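For reference, the structure discussed in these notes is given below.
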Amino acid sequence: MFMRQLSSLLKRHSLLVGMTFFVCLVFSFFSFSALARENDDLQDLLNNVESEVNIDRLFDVIGELKKNKISLNDADFEELHQLPWLQSSDVQAILAWRHDNGPIHSLRELDTVIGREKTARIAPYVRVKNEQPSSKSPSAKAVDVDASLYSRLFWETTPRKGILNGKYAGSNFKEYHRAELSLSHLSASMVLEKDIGEPAIDDFSSLSISASDLGVLKMAVLGNYRLSFAQGLLIGQGRYFSKGTDPTGSVRLSSKQVTPSASSSEFGFLQGAATTLKLDPLEVTLFYSSNHLDAIINGDGVITSFSTSGYHRTILEISRKDNVLETLSGANLLYHYQAGVVSGRAGCSVLYGNYSQPFDSLEPEAAVSRISSVGLYSFETAFSIGKVSLFSESAFSCHPNDASWTAGAEYEVLRGVSAVAAIRRYGVNYYSPFAGAFAERGDGASNEDGYYLGVQAKISNRLTVGAYYDLFTFPVLGDHCQYPSDGNDSRVFMTWKQSSVFTWNLQLQHKYKEEQKNQGTSKIALWTPMPQITNRCQLDCNVSVSEHVHLRTRGELKNVVKQYLAGDKSFYGRMVYQQVGYDEGAFGLKGRLTIFNTNDYDAAIYAYEDDLPLTSSLGVYNGTGKSLFLLATWQPLKQMKLAARFETTWYSDRKVYSSGNDERATSAPGSCHLGCLLSF
């Protein structure tokens, strides 16, 4: 009953809760300390992104790591692996150093273990024991409080048709407000957000209150949170990157088991309470969630799918808001062991959930599903010995009845050369609504087999190369093509630091994949597998002109060949951009001009774009035209950071942008962004 009341409070009365939370912040009079992270710290993680990723989830992970820093001398392999910049070989090097030489006493000492560059990247998120004063020490502060308030405002220069014709209930503005409060081992966060066309400022609200590292209490969250166990086959809400970002680091899921959710993402989180208890050598995680979801329900009263966009603009979208209740509970049990250089953990998870309506994915063979409950359980193991690290998970679903499993090994072949090999077998009928698995097609850990091999080598201080090869099979290609389909994906990465001024990044990709395609007509269908071959080349040049001026140039070519029955068709994508960045003290200015030309959506090109603090965007270049963005930042006070961004695209192949209610009557859509971050 309490959880149901909490859910109702968060969903229905969030504005009042938010105002109360903000007032508490305003009257806070504690000393200031900045919480903002520069987006440049994440640039190396985002440079290789090829398609959409959950960047909000990445920022959530980074923010949580900064609030709850990882102890270099106490953390095990899995905890150290949560740092996105570290490979398994780096983690193993830290553990080996601790075993042979004892505790790491300073970050300067860490330089000798993993190198100066990686040490600098992880420095804000780690601590050594002697850096954290004991609360019993007379020099320690009685209370150490940090707080921040961040607001963003976004609007489009040409309103959408739905705004002009009244189909959308709201205005041409998107708002985002986030408040955080942290003291000692406690923290709280509140998010209010509305999209363009939505009528209420609190269309989406999120509240999380958490406590960490209090005796046996490792983590406890009340409100919105995410769970990640093992490799994400049962539940993996903490996965933000999948294949293609890092040849050796994207296979293994590296995330805290329980993480407060403070992003504006309106799907992929739980709402209720979760806790992790550390009872050495055991670790127990318990959770309960009662969350309302947006769903599409057919005439038989059966859920056909969930709406993940979070849009509540039209009468239909508003009618679907929170129309299904999802309740679930479960537990995860881990046993940790360590003997000399051997360390690891083994455990199991169980999850039981229920929906307020039957769900067709739980009974896919039935004409009308009558099942509304989901039961899942899994077994996991991970251990490392010297330079070798092994991991695995097997998961089982009761509705439908099937299983999925994955296993892998990481190995430091030579100093500076690391490799990962993994195998996956995802059952055709396995289904988990919460999965976040490593896969070629989606992340649901279903209907896919694969073999993956990745290698990364630091040839010298100036040259790093990496590559992977993934051989995958879909046991059932699609609803209309009920037979297996094979494919493969290979990619090569290279980074060359030519000098202190020039750095080059090269990426080459080849992929063969089949898609089911109706090559007949609407009256006489002819469904066949259509092979699609993709070749891609991307080259970056980063130039540090001076301490204050930085340039980045990128060129990318993409060719997609679709093998129709009537003959092959070739599509292309070309893109080049020039970015200039300048920073001087409290001021920063960055701009990018992009020229692109693509003639098919499958040939579209993706590129990470710098954005306001605590956010980022992934530009999708499809069509023919030019694009420009300008980003300015100013820090007038130590406790205040202001930012503004303008972006526009000039298309030469269309007179209007988008379609339906999202149509904008212009060939040059644009948007303006304003942001303000206050730190207390």
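The values are calculated or read from the model by the stated rules, or taken from the named source; none is laboratory data. Note that this is a predicted model, so its numbers are computed, not measured. So basically every Cβ, Gly included, is an ideal-geometry build from the backbone, and we count neighbours across all protein chains shown.
Structure above, values below:
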quantity	calculated
Selection from segment 272-298 of residues that are free of Cβ contacts under 8 Å to residues at least 60 places away in the same chain, more than 15 Å from residue 357 (Cβ to Cβ) and hydrophobic (A, V, I, L, M, F, W, C)	274, 282, 284, 286
All positions within segment 458-470 that are aliphatic (A, V, I, L, M) and buried (at least 17 other Cβ atoms within 10 Å of the Cβ)	465, 467
Some residue of segment 514-532 being crowded, with 17+ Cβ neighbours inside 10 Å, polar (S, T, N, Q) and under 25 Å from residue 554 (Cα atoms)	no
Number of the exception - residue 603 against (1) small (Gly, Ala, Ser); (2) out of contact with any Gly (no Cβ under 8 Å at 6 or more places or on another chain); (3) within 28 Å of residue 503 (Cβ to Cβ)	(2)
Residue satisfying all of: in segment 181-201; crowded, with 22+ Cβ neighbours inside 10 Å and of a type in the set (Asp, Glu); farthest from residue 259 (Cα to Cα) among these	198
Single residue of 677, 631, 642, 612 found to be surrounded by 19 or more Cβ atoms within 10 Å (Cβ to Cβ), farther than 23 Å from residue 554 by Cα and either touching a strand residue (DSSP E or B) at 6+ places or on another chain (Cβ under 8 Å) or not aliphatic (A, V, I, L, M) (or both)	677
Residue pairs meeting the criteria (Cβ under 9 Å; at least 6 apart or on separate chains; first more than 22 Å from residue 448 (Cβ to Cβ), in segment 413-437; second assigned to a strand (DSSP E or B) and among the acidic types (Asp, Glu))	418/410; 418/412; 419/410; 419/412
Segments classed as helices (runs of 4 or more DSSP H), wholly inside segment 107-225, with at least 3 members that are at pLDDT 90 or above and not charged (D, E, K, R)	161-164
Test result for residue 490, without any contact (Cβ under 8 Å) to a residue 24 or more places away in the chain and in contact with a Lys or Arg (Cβ under 8 Å, 6 or more places away or on another chain)	yes
Verdict on residue 319 being without any contact (Cβ under 8 Å) to a residue 12 or more places away in the chain, over 25 Å from the mean Cα position of the chain (by Cα) and within 24 Å of residue 265 (Cα to Cα)	yes
Options 249, 244; residue that is outside any strand (DSSP E or B), of a type outside the set (Ser, Thr, Tyr) and on the phi < 0 side of the Ramachandran plot	249
Residue count, segment 364-379 (criterion: without any contact (Cβ under 8 Å) to a residue 40 or more places away in the chain and either crowded, with 21+ Cβ neighbours inside 10 Å or in a strand (DSSP E or B) (or both))	3
Residue count, segment 84-106 (criterion: of a type in the set (S, T, N, Q), within 25 Å of residue 247 (Cβ to Cβ) and either modelled with pLDDT of 85 or more or not in a helix (DSSP H, G or I) (or both))	1
Among the candidates 439, 467, 457, residue that is among the aliphatic types (A, V, I, L, M) and under 25 Å from residue 237 (Cα atoms)	439
Selection from segment 533-580 of residues that are hydroxyl-bearing (Ser, Thr, Tyr), at pLDDT 95 or above, more than 17 Å from residue 590 (Cβ to Cβ) and surrounded by fewer than 16 Cβ atoms within 10 Å (Cβ to Cβ)	570, 572
Every residue from segment 226-241 that is of a type outside the set (Gly, Ala, Ser) and in a loop (DSSP other than H, G, I, E, B)	229, 231, 233, 234, 235, 237, 239, 240, 241
Single residue of 395, 382, 407 found to be at pLDDT 95 or above, in a strand (DSSP E or B) and surrounded by fewer than 24 Cβ atoms within 10 Å (Cβ to Cβ)	407
Evaluation of residue 356 against (1) polar (S, T, N, Q); (2) under 24 Å from the mean Cα position of the chain (by Cα); (3) over 30 Å from residue 75 (Cα atoms) (one fails), failing number	(2)
Count of residues meeting criterion [under 16 Å from residue 396 (Cα atoms) and in contact (Cβ under 8 Å) with a residue 60 or more places away in the chain] in segment 444-472	1
Which listed residue is surrounded by fewer than 19 Cβ atoms within 10 Å (Cβ to Cβ) and within 23 Å of the chain's Cα centre (by Cα), from 659, 667, 617	617
Evaluation of residue 465 against (1) under 27 Å from the mean Cα position of the chain (by Cα); (2) under 26 Å from residue 600 (Cα atoms) (one fails), failing number	(2)
Segment 207-262, residues that are free of Cβ contacts under 8 Å to residues at least 40 places away in the same chain and under 27 Å from residue 439 (Cβ atoms)	258
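Yes/no per residue for (1) modelled with pLDDT of 95 or more; (2) more than 30 Å from residue 92 (Cβ to Cβ); (3) under 26 Å from the mean Cα position of the chain (by Cα):
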| site | (1), (2), (3) |
| --- | --- |
| 326 | yes, yes, yes |
| 333 | yes, no, yes |
| 336 | no, no, no |
| 340 | no, no, no |
| 343 | no, no, no |
| 347 | yes, no, yes |
| 350 | yes, yes, yes |
| 360 | no, yes, no |
| 365 | no, yes, no |
